[in-house]
Ligand code: KG4
Ligand code: ZN
């Protein structure tokens, strides 16, 4: 608690100045759900007063994946500095905060634990209310910090841990239309990148798998490899990426054999493989999203005027994904909204903003957080996927060429 005491001392000197200048409500947001330690102070109008992020990407890239105990250790090492930096940059004192909002679900148990325990200490020290945050709800609502997309809207959340389609009906009111049955698209791209040994590629060794695939795909020809669309016989909004990854692995093995390459060497056709994977993942996302739009229209789940699709999560920072989804939204009369890439990947800002949304709606503002627990697994909203399956809507052909 040495640093926290430091915060308190600064709080005393900052109190009079801050209180005089600022009447808006302010939330400190903290995220440690996976492999990034993020914190931010955001005000009621969506101004980001201060933010800080410590990424563990480099460590996990070297290790070939996220090791939960390593992630936890790094969160423990960095959380205090990250929170301190966000508060320092904001120029407000902890006493001026209206509440502290922290991701408590879903995520890696060991990582969530660090964020929750640290937040509870701050709450105790500064006597602030606590706002527990669902990480996926925060991804879904981030865009509203930038411009007010009104409820209800359709949302596609695609990250390293999730792939889901839902109707956002309110701040904490979601209808789940479909989700992945196996792995998430970011996870698939990360694993393909690893199998292609892209950490040995001079241009991509510092990039996440998804970023590296996007970078290489730009120079590749996706037509060089034929990949089968996942779940084309299933007329629902669920996703599956594990079979696709298997197909790609087979191609890589075959190519390594043909070229006489060892695992670890970069194949000459790496750009073409990246382009084919990126396209197939994107086409799968687009097809399910198209069906979700048709389902929402049929069931009257979206407004008649200005219906909107929001896309967020790490994979939503991909330009190709965005372009292809814009073809789908344009063909169906929806507007498309994606936060900037920096706000698509994990960050503390989206958690602070979700805190603001909950504060305004009077939801989950907890004054005695004693019984609060983190939940590694947590569904998003009410499961409506059975109704989507029963509707079994066919999606008309749409040319997805960008
Ligand atoms: O939302 P996020 O930061 O963390 C999770 O909650 O999972 O998403 C991280 C995922 C990683 O799998 C990463 O490879 C992927 O997002 N990603 C991308 C891109 N940038 C990050 N995937 C495709 N294209 C990108 N440009
Ligand atoms: Zn995330």
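The values are calculated or read from the model by the stated rules, or taken from the named source; none is laboratory data. All of these numbers come straight from a predicted model, not from anything done at the bench. Using ideal geometry, Cβ is built from the backbone for each residue, glycine included, and neighbour counts are taken over all protein chains shown.
A compact table of results
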| quantity | calculated |
| --- | --- |
| Total residues in segment 117-141, condition under 19 Å from the mean Cα position of the chain (by Cα) and part of a helix (DSSP H, G or I) | 7 |
| Hits in segment 300-317 - residues which are touching a strand residue (DSSP E or B) at 6+ places or on another chain (Cβ under 9 Å) and within 16 Å of ligand 1 (Cβ to nearest atom) | 310, 311, 312, 313, 314, 315, 316 |
| Close pairs (9 angstrom Cβ cut-off, 6 or more residues apart or separate chains): without any contact (Cβ under 8 Å) to a residue 24 or more places away in the chain in segment 256-278, assigned to a helix (DSSP H, G or I) anywhere | 261/255; 262/256; 268/255; 268/259 |
| Residue within segment 253-273 that is closer than 24 Å to residue 187 by Cα, touching a strand residue (DSSP E or B) at 6+ places or on another chain (Cβ under 8 Å) and within 14 Å of ligand 1 (Cβ to nearest atom) present | no |
| Test: residue in segment 4-27 that is part of a loop (DSSP other than H, G, I, E, B), within 16 Å of ligand 2 (Cβ to nearest atom) and modelled with pLDDT of 95 or more | no |
| Residue match in segment 310-320 (condition: at pLDDT 95 or above, within 16 Å of ligand 2 (Cβ to nearest atom) and in a loop (DSSP other than H, G, I, E, B)) | yes |
| Matching residues in segment 52-66 - criterion: being over 17 Å from residue 84 (Cβ atoms) and touching a helix residue (DSSP H, G or I) at 6+ places or on another chain (Cβ under 8 Å) | 56, 59, 60, 61, 62, 63, 64, 65, 66 |
| Tally of residues being out of contact with any strand residue (DSSP E or B) (no Cβ under 6 Å at 6 or more places or on another chain), within 16 Å of residue 137 (Cβ to Cβ) and away from ligand 2 (no atom under 16 Å from the Cβ) across segment 321-358 | 1 |
| Meets criteria (part of a helix (DSSP H, G or I) and free of Cβ contacts under 8 Å to residues at least 60 places away in the same chain) for residue 54 | no |
| Subset of segment 35-51 (residues that are in contact with a helix residue (DSSP H, G or I) (Cβ under 6 Å, 6 or more places away or on another chain), more than 11 Å from residue 354 (Cα to Cα) and not in a strand (DSSP E or B)) | 35 |
| Selection count where residues are over 26 Å from residue 173 (Cα atoms) and either buried (at least 21 other Cβ atoms within 10 Å of the Cβ) or touching a residue at least 40 places away in the same chain (Cβ under 8 Å) (or both), scope segment 121-146 | 5 |
